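Report on the following structure.
What follows draws every value from the coordinates through simple rules; no lab data is involved. This structure is a prediction, so every number in the text was calculated from the model and none was measured. Note that each Cβ is placed from the backbone with ideal geometry, even for glycine, and that neighbours are counted across all protein chains shown.
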């Protein structure tokens, strides 16, 4: 506990956007223990720090124990001494001991982490546009007025936590990559020091003349100044995204913020709206933006937990079961077997390999981040024959992995 003040000074020097209030708030994260922070010290001086934050990532029907590395920081004068590499190795041992199958972090230092087996995965599909231009575009393409109450937006109220939880659960049910959030975590996540502004989309009239509340929440947006870090609506709500975006634009204009930035999944149709309003889109973070990177810790356990997801992929593609693949991963031979009951990934040196890949490529295969046909065509993957290629495409289709940056803000 006595190291927290010194840790903040180190982290603040490397991550200047972190306020003291946000750091203090991180100490109250549900389940937090001082032992979640790993340090490299020279006598009493802290040279390097990282925090481990365990959680559960939802990948379709699968629940994956993962660990996010947060606030990785090292004193600049010790950057080439190998301390950061040693700290990450110690963190990896801790994560394995906790039963995590994936390690995750957001960083702008992608090349450095790629040298140590991390891969970039799950792009944020960022876009930006002028707030006045967005409002003009929304007004020009608004639906004609109707008699029934329309969707509106306003500041979220603390008593509406259940509404946030319901929208998040319903809107992420079909997504790959969101973090599981229980009530205790939500209560911490919406603390003022952590959350910024939360805007609620309301279906119908907010209150009747007698003051009784009749409407229900159908969406919300999390705003950090001009940056929208999370915007979710329940399925079938066509008006909610526009209502949220219009409210945010009007508020930005009032605050003297001319440009709105949208950091939501790459397949979010709101990006097309911002581009149509005269904005621009970027699919990869720029030099000053963090990128989500992952490291595979336990491939056998990950595949075991993905059993239902892999089976769903196979059925959707008409793949017969049981099916089997022999893989050569960085020179190590394995056999992947998927049946109607189990998914197994075990060492096996019998027979030639059906698929040759690196550990990083295996990570991307499992997380839907590798376009298999293109990877095989340019030699990234070595595939034995067309039958194997069809099997690999059936089991590992590409999909948009999305882990919200809201979970990584503040603490």
> Which ordering of 43, 295 is given by a fewest-first count of other beta-carbon atoms within 10 Å?
Replying inline: 43, 295
> If we count other beta carbons within 10 Å of each Cβ, what is the order of 232, 355, 223, fewest first?
Replying inline: 223, 355, 232
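Please work out the FRET efficiency for the pair residue 158 and residue 180, using the Cβ-Cβ distance as r and a Förster radius of 22 Å; give the result to the nearest 0.05.
On the way: r = 22 Å, r/R0 = 1.01.
So the FRET efficiency works out to roughly 0.50.
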>> Sort 27-33, 274-280 by the packing proxy (mean of other Cβ within 10 Å over each peptide's residues), most packed first.
In response: 274-280, 27-33
>> Can you give me the distance in nm between label points at residue 90 and residue 374, each placed 7 Å from the Cα along the Cα-to-Cβ direction?
In response: 4.0
>> If I fit a long axis through the Cα atoms of helix 240-254 and take the longest principal axis of the Cα atoms of the chain, what angle between them do I get, 0 to 90°, rounded to 10?
In response: 70
>> Multiplying the sequence separation of residue 321 and residue 143 by 0.36 nm and subtracting their Cα-Cα distance, what value in nm do you get?
In response: 59.2 nm
> Roughly speaking, what is the stretch gain from residue 165 to residue 9, that is 0.36 nm per residue apart minus the C-alpha to C-alpha distance, in nm to one decimal?
Replying inline: 52.7 nm
>> Test of understanding: in a Gaussian network model of the chain with alpha carbons linked when under 10 Å, which of 198, 155, 74 would top the mean-square fluctuation ranking?
In response: 155
>> Just to be sure I understand, if you calculate Cα extents along the principal axes in Å for this structure, which of (i) 92, 52, 42; (ii) 75, 62, 38; (iii) 92, 49, 37 do you get?
In response: (ii)
> With each label point set 7 Å from Cα along the Cα-Cβ vector, what nm distance links residue 257 and residue 44?
Replying inline: 4.2
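Counting other C-beta atoms within 10 Å, which of 199, 7 has the fewest, and how do the rest follow?
7, 199
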> Does anyone have the angle between helix 83-97 and the longest principal axis of the chain? Alpha-carbon axes, 0 to 90°, nearest 10?
Replying inline: 90
